[in-house]
Amino acid sequence: MILVTGGAGFIGSNFVLDWFNSSQEKIINLDNLTYAGNLENLASLSDDDRHIFIKGDIADEILVADLLRKYEVRAIVNFAAESHVDRSILGPKAFIETNVVGTFNLLETSRAYWNSLDEKQKSKFRFLHVSTDEVYGSLGADDHPFTEANRYEPNSPYSASKAASDHLVRSYFHTYGFPVVTTNCSNNYGPYHFPEKLIPLVIVNALDGLPIPVYGDGKQIRDWLYVKDHCSAIRCVLEKGATGETYNVGGWNEKMNIQIVETICDILDKRHPKADGVSYKSQITYVKDRPGHDRRYAIDASKIQKDLGWIPQETFESGIEKTVAWYLDNSTWIENIKSGSYRQWIDANYFGR
Ligand code: NAD
Ligand code: DAU
């Protein structure tokens, strides 16, 4: 059995759903269902006894210790985190609590469990920590994409909290021999992406006839990876990754934000034209920039390709078409999110910006 944390969020739920396409091994899914956790993502597994959902916090040492022992867990995949940069700017505390203290508690509890295993089980055990390219800071226009050797230069409370967790994970390998492996991935997109992040926000606002907010000059660059490719990379690293190593994961898809926004508008114009024939691009609105906004991220994914044989399956063009189609087909999922605390966040981040 494996323990997945944060498996009701965007990437975690895609990982859980995809896992059962190629494995019968059970998953315990530990998630405390913050605003970003959504059990609707996992509705198709509601009668599937391969999936055991537990509502709880990664920082809860008693609960986690019980789960590890009871289910004889052989690996942990740690997705649980606060993940939105803008929220970390308006309220950093939760990021320290979950990403730093939560990861620390999870490491401590897992290390104690690992120490109780026999030598054979110990050698097979893995703690896979899911992290981000944002820990490396911001690239200049002509800089080489981030490799695993880049120094850490986090610039937002979010990326600083993820960097802190990465350092703790690293130290547990070097100090205790605890068998960790870390992935640092670029921007994901795809089904079940919470509409506070750029791509789903653009789709949702476009369809609602609302302004499509572009921060600053819109020329910031991100390196986009379809979420199912990230999930396949994590499965690959879990199976074949060397302990103590880190692997950068990316799609070789650098795009300016404004290109992303215009591409989505083009797809919507084609698939779901407005009654008045006006392009969705007319809703694009430049707004005040994000404080400390990183200019460019890009991942050099050569190591995971060369050492483990992983390559992404989707191009940006194929992935974004699938993504827009998913949102058009899943209006109930969107409406249910919008009926919760989502509106308060939109007001806090955009009203009077
Ligand atoms: P998300 O915000 O959609 O989901 C996070 C999940 O973690 C939610 O289900 C939430 O309920 C849960 N969670 C939060 N705090 C918890 C706690 N204390 N205990 C248990 N569960 C808790 O995030 P995501 O976009 O799916 O990202 C998942 C992981 O991947 C994060 O660690 C993030 O840093 C990393 N990552 C994300 C991206 C991206 O583009 N989204 C890229 C690279 C890395
Ligand atoms: O790089 C990996 C990271 O990607 C992950 O670690 C984070 O968890 C994930 O949220 C994402 O961070 P970003 O800050 O890059 O993603 P976001 O979707 O918030 O923003 C993408 C870009 O679009 C960024 O340059 C800011 C810009 N943006 C975002 C929003 C929400 C806008 O221009 N307008 C917006 O309204």
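The values are calculated or read from the model by the stated rules, or taken from the named source; none is laboratory data. All of these numbers come straight from a predicted model, not from anything done at the bench. Neighbour counts are summed over all protein chains in view; Cβ atoms, including those assigned to glycine, are modelled from backbone coordinates with ideal geometry. When the accessible area is computed, the model is the full protein with side chains, heavy atoms only, and any ligands, DNA or RNA have been set aside. Shrake-Rupley method; radii C 1.70, N 1.55, O 1.52, S 1.80 Å.
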Quiz item: With springs only between Cα atoms under 10 Å, which of 106, 45, 90 fluctuates most in a Gaussian network model of the chain?
Solution: 90
Quiz item: How do 125-134, 169-178 rank on mean C-beta neighbours within 10 Å, highest first?
Solution: 125-134, 169-178
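How large is the accessible surface per residue of the chain, computed with a 1.4 Å probe and reported in Å² as a whole number? Before the final figure, lay out the partial values.
On the way: 14930 Å² over 353 residues.
In whole numbers, the chain has 42 Å² accessible per residue.
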Exercise. For the chain, set up a Gaussian network in which alpha carbons nearer than 10 Å are linked by springs, and say which option among 211, 312, 179 fluctuates the most.
Key: 211
Quiz item: From a point 7 Å beyond the Cα of residue 313 in the direction of its Cβ, which residues of the range 210-244 have a backbone N at a distance under 14 Å?
Solution: 226-236
Quiz item: Tell me which aspartates and glutamates have Cα within less than 12 Å of residue 274's Cα, excluding those fewer than 8 residues away on the same chain?
Solution: 208, 266
Self-check item: Extended-chain gain in nm, criterion 0.36 nm per residue less alpha-carbon gap, residue 275 and residue 325
Solution: 16.1 nm
Quiz item: Share of the range 152-304's accessible area from carbon and sulfur, percent, 1.4 Å?
Solution: 51
Quiz prompt | Spin-label model distance (nm) - residue 286 vs residue 341, 7 Å beyond Cα toward Cβ | solution = 3.4
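What are the GluC sites (Glu not before Pro) within the range 29-105 that DSSP puts in a loop, where the Cβ has at most 14 other Cβ atoms within 10 Å?
Working: sites: 40, 61, 72, 82, 97; in loops: 72, 82.
Passing sites in the range 29-105 are 72.
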Quiz item: If each of residue 94 and residue 144 carries a label point 7 Å out from its Cα toward its Cβ, how far apart are those two points in nm?
Solution: 3.9
Quiz item: Which of 158, 247, 113 moves the most in a Gaussian network model of the chain with Cα springs under 10 Å?
Solution: 113
Self-check item: Computed [θ] at 222 nm, deg cm²/dmol, the chain (DSSP H ≥ 4; -39,500 (n - 2.57); rounded to nearest 500)
Solution: -12500 deg cm²/dmol
Quiz item: By per-residue mean of other Cβ atoms within 10 Å, what is the highest-first order of 7-18, 138-149?
Solution: 7-18, 138-149
